[in-house]
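The values are calculated or read from the model by the stated rules, or taken from the named source; none is laboratory data. What you see is a predicted model, and the numbers here were worked out from it, not measured in a lab. FYI the Cβ positions are ideal-geometry reconstructions off the backbone, even for glycines, and counts take in every protein chain you see. Side chains are part of the model used for accessible areas, which takes the heavy atoms of the whole protein and leaves out ligands, DNA and RNA. Shrake-Rupley method; radii C 1.70, N 1.55, O 1.52, S 1.80 Å.
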Amino acid sequence: MRGETRSYAAARRERAADVDRWLTDLLRTACGTPYGRPGRGPDPKDGRNGDERGAPGGVALVAVGSLGRSELAPGSDLDLVLLHDGRDDIARVADRIWYPVWDSGVRLDHSVRTVEEAAKVAREDLKAVLGLIQARHVAGDPELTRAARETVLSEWRADSRRRLGELREAADRRTETSGELAFLLEPDLRDAHGGLRDVQAMQAVAAAWVASAPGPRVREAYELLLDVRHGLHLVTARGTDRLVLQEQDAVAGMLGLLDAEALMRRLAEAGRTIAHAFDGTWRTVDRLLSGPAPRGRRPLADGVVEHGGEVVLARGADPRKDPVLVLRAAAAAAEAGLPLAPATVAALAAQSPPLPVPWPDEARDALVALLGAGRAAVPVWEELDQAGVLVRLLPDWERVRHRPQRNPVHRYTVDRHLIETAAGAAASTREVSRPDLLLICALLHDIGKGYPGDHSDTGAVVARDIGARMGLPPADVEILERVVRHHLLLPETATRRDLDDPVTISRVAEAVGSREVLELLAALAAADGNATGPAAWNAWKASLVTDLVRRVRSVLSGTPPRPAPSLSAGQAALARHGGGAVRVNGGAVTVVAPDRSGLLWSAAGVLAAHRMVVRAASAASAGSTAVIEFSVVPEYGSPPDPATLEADLRLVLAGRLDIEERLARRTRSLRPARVPVAPPRVTLVDDASTTATVVEVRAHDRPGLLWRIGRAFGECGLDVRAARVETLGAEAVDVFYVVDRAGRPLTDRAQRAQVRDQVLSALR
């Protein structure tokens with residue numbers, strides 16, 4: 001872990017000690033005499049009479065959970081077990097302890113058990129056995145606590161094969177429910193993969209004598225998570241484990257960090273450290289419990305062999321004399337679908353010298369082979385990252401390492417997104433003429449996010465330097481720079497520009513420059529979108545990008561661009577209905593009607609009134625007929641009845657339904673945003689079209705947004721000739737091609753300012 005944060009470890013230990021003293025007093029008071037049983041004095045022959053300090057005999061108060069580990073945060077509850085030797089008055093003793101705790105307002109999880117009962121519960125309940133494994137004696141007879149712990153531990157070890165399988169299943173369920181801590185916008189510090197529970201599970205595995213206890217890096221990461229949870233409890237004044245967006249800056253301040261981004265970067269690093277160790281622990285468990293591995297050493301590459309289900313160095317291989325060995329071993333592991341042995345990773349990290357600059361061809365080929373293994377490359381890449389190898393191979397990697405992307409569209413940190421994109425791009429290597437460049441471009445396409453300024457522009461400069469250090473020929477370096485600079489060109493153009501406008505296609509063709517770059521950008525767009533998340537890539541966007549690529553390829557080949565599309569067979573059939581037609585097919589809504597002003601936002605208003613969220617939309621005209629394609633999802637619950645939706649859409653098309661009041665009621669019932677959102681932005685994009693004015697609107701998505709924007713255009717006397725509407729998480733990115741009533745773009749400065757102001761007013 002890098003840097004220092006304010007630690008609350010001492011405060012947690014002190015609070016646990018205070019609670020211990022309080023509980024000790026409660027137990028002594030509850031037992032009625034210093035020695036436990038009313039009317040009895042100490043008897044040297046009676047081992048239940050207490051310890052040397054005069055603690056009550058025949059009963060013991062045991063702490064489990066956070067108190068048992070002396071990790072008591074401000075909002076932590078108390079988990080207590082009252083052990084006894086069968087004494088008749090145990091119910092009265094228990095009440096005299098539990099009621100004062102409840103009266104104090106502290107949450108309490110409690111149980112009363114004999115040693116035999118505690119062991120029986122532990123055999124049947126995973127939570128109980130995990131607590132008792134780490135139980136800590138607080139007060140009373142220490143022999144009872146010792147007996148309970150030893151019994152539970154003995155049975156845990158004896159039945160480790162079954163119980164560790166149960167522990168693994170519980171961890172898998174937590175991951176499925178809570179996700180991976182390192183990549184979550186609002187992580188659950190306790191239950192997410194890479195969280196506190198994973199460390200406690202590793203400690204339980206170590207208690208079974210199956211694997212080693214967590215090492216110092218994991219313990220340091222664990223303490224950071226405890227400190228973050230401690231700060232979160234102080235900020236919220238309650239016991240919570242989910243670090244939500246609105247609390248992140250305040251928690252960062254409590255820990256002495258600059259801001260929420262610094263906090264989330266530290267958390268990502270801690271979560272990945274813990275997750276990596278956790279996964280390694282289970283590999284050890286699987287290997288030990290599955291019996292001896294087959295003997296023998298199978299060659300995989302020069303200096304690299306498989307042994308015992310892992311990739312290790314061959315006898316005689318010397319990393320100190322072979323700087324490429326680390327990449328060759330990583331590529332061999334990924335291609336074989338096997339893990340690198342931990343000792344091998346450690347040796348490579350400690351002994352490998354720096355690669356010469358420029359890299360030898362063998363090193364670059366090994367990197368491409370590693371990335372080309374696809375999904376199997378990701379865990380191997382993570383091994384290299386955890387060992388500190390990556391930042392030595394690619395020093396610029398440090399700038400993006402663990403960097404959070406505090407945006408719901410992105411599912412990963414920047415560095416993880418890059419390797420995920422490269423892994424996804426491996427599936428498209430046979431579709432491009434330069435698969436090696438595709439993989440390197442995918443790995444570096446967002447490298448500029450570690451630097452100030454537009455990440456595409458800064459990334460192009462950084463990628464150019466990296467490509468030269470890798471030893472790429474100058475022509476390939478030029479391609480790498482161009483692809484990184486324009487890696488967003490195709491998806492942004494396809495979703496935000498009118499593809500029937502010749503200016504759109506010519507601008508893209510000019511930026512791309514060659515068919516080779518075009519095919520690289522097309523493959524990268526799909527891999528990038530899929531690695532970003534479901535909101536960033538879908539069938540609708542893929543079809544638009546495919547259409548754009550086809551048109552640009554025609555221009556680059558010197559063939560005339562294809563004419564504007566006519567209606568499809570299905571759309572033409574709908575148009576024959578005359579006054580307007582609607583088709584609802586699951587989440588796809590098609591409206592075909594005579595072209596007229598306000599058609600797009602009227603239809604969008606009906607969808608909003610039916611609690612349908614517009615995720616994407618495109619509008620275009622074919623002659624006198626308008627075609628609008630919506631991609632929608634229900635705001636919550638089940639979608640409305642398609643027949644009812646179609647009926648209301650037809651009423652709007654016929655001018656017989658006013659939805660303004662219905663939408664106004666919806667707006668009044670909306671709750672304000674949970675967290676502050678950026679103000680909306682309206683931009684009139686110059687030079688994007690010669691036949692219309694392009695208006696780009698960025699705003700926080702809310703019901704009826706598209707209808708409000710469209711109504712503002714109508715109040716300005718404008719018609720929407722084409723539109724591209726997209727929702728990325730909670731962010732709406734809508735682009736409109738507008739003209740005045742005479743069908744001309746807007747040139748008057750005052751009119752352009754009026755449009756901007758009118759739309760902004762509609763968004764507030």
Original post:
Given the conditions (1) under 32 Å from the mean Cα position of the chain (by Cα); (2) modelled with pLDDT under 95; (3) not basic (Lys, Arg), which single one is not true for Ala523?
Top reply: (2)
Subject >> When residues of segment 596-618 are limited to those that are within 20 Å of Ser543 (Cβ to Cβ) and either part of a strand (DSSP E or B) or basic (Lys, Arg) (or both), the one most open to solvent (accessible area, probe 1.4 Å) >> reply: Arg615
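One line per residue, one yes/no per condition, for (1) out of contact with any Leu (no Cβ under 6 Å at 6 or more places or on another chain); (2) open to solvent by less than 10 Å² (accessible area, probe 1.4 Å); (3) on the phi > 0 side of the Ramachandran plot:
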{"site": "Ala73", "(1), (2), (3)": "yes, yes, no"}
{"site": "Leu83", "(1), (2), (3)": "no, yes, no"}
{"site": "Arg96", "(1), (2), (3)": "yes, no, no"}
{"site": "Tyr99", "(1), (2), (3)": "yes, no, no"}
{"site": "Gly105", "(1), (2), (3)": "yes, no, yes"}
{"site": "Leu108", "(1), (2), (3)": "no, no, no"}
{"site": "Thr114", "(1), (2), (3)": "yes, no, no"}
{"site": "Ala118", "(1), (2), (3)": "yes, yes, no"}
{"site": "Ala122", "(1), (2), (3)": "no, yes, no"}
Subject >> The listed residue being modelled with pLDDT under 95 and in contact with a strand residue (DSSP E or B) (Cβ under 8 Å, 6 or more places away or on another chain), out of Gly165, Gly75, Gly58 >> reply: Gly58
**OP:** Tell me, yes or no, whether segment 646-653 has at least one residue that is farther than 30 Å from Pro502 by Cα, at pLDDT 75 or above and in a loop (DSSP other than H, G, I, E, B).
**Re:** no
Original post:
Got a sec? Which of Trp381, Trp359 is buried (at least 22 other Cβ atoms within 10 Å of the Cβ), out of contact with any Cys (no Cβ under 8 Å at 6 or more places or on another chain) and not β-branched (Val, Ile, Thr)?
Top reply: Trp381
Original post:
Any residue in segment 435-446 that is of a type outside the set (D, E, K, R) and within 14 Å of Arg403 (Cβ to Cβ)?
Top reply: no
Subject >> Ala463 being without any contact (Cβ under 8 Å) to a residue 24 or more places away in the chain, open to solvent by less than 10 Å² (accessible area, probe 1.4 Å) and either over 20 Å from the mean Cα position of the chain (by Cα) or closer than 25 Å to Glu180 by Cβ (or both) >> reply: yes
Subject >> Number of positions in segment 414-436 that are in contact (Cβ under 8 Å) with a residue 40 or more places away in the chain, among the acidic types (Asp, Glu) and crowded, with 19+ Cβ neighbours inside 10 Å >> reply: 1
Original post:
Right, Leu234: over 30 Å from Thr151 (Cβ atoms) and surrounded by fewer than 23 Cβ atoms within 10 Å (Cβ to Cβ) or not?
Top reply: yes
**OP:** Hey, can you tell me all the residues within segment 447-478 that are closer than 20 Å to His402 by Cβ and β-branched (Val, Ile, Thr)?
**Re:** Ile447, Thr458, Val462, Ile466
Original post:
Does Thr284 count as at pLDDT below 95 and either within 23 Å of Thr175 (Cβ to Cβ) or buried (at least 18 other Cβ atoms within 10 Å of the Cβ) (or both)?
Top reply: yes
Subject >> Where a residue in segment 737-764 is farther than 22 Å from Ala699 by Cα and open to solvent by less than 30 Å² (accessible area, probe 1.4 Å) and its partner, wherever it lies, is of a type in the set (Val, Ile, Thr) and assigned to a helix (DSSP H, G or I), with Cβ under 8 Å and at least six apart >> reply: Leu746/Val755
Original post:
For the subset of segment 1-52 comprising residues that are of a type in the set (Ser, Thr, Tyr), in a loop (DSSP other than H, G, I, E, B) and open to solvent by less than 40 Å² (accessible area, probe 1.4 Å), which member is modelled with the highest pLDDT?
Top reply: Tyr8
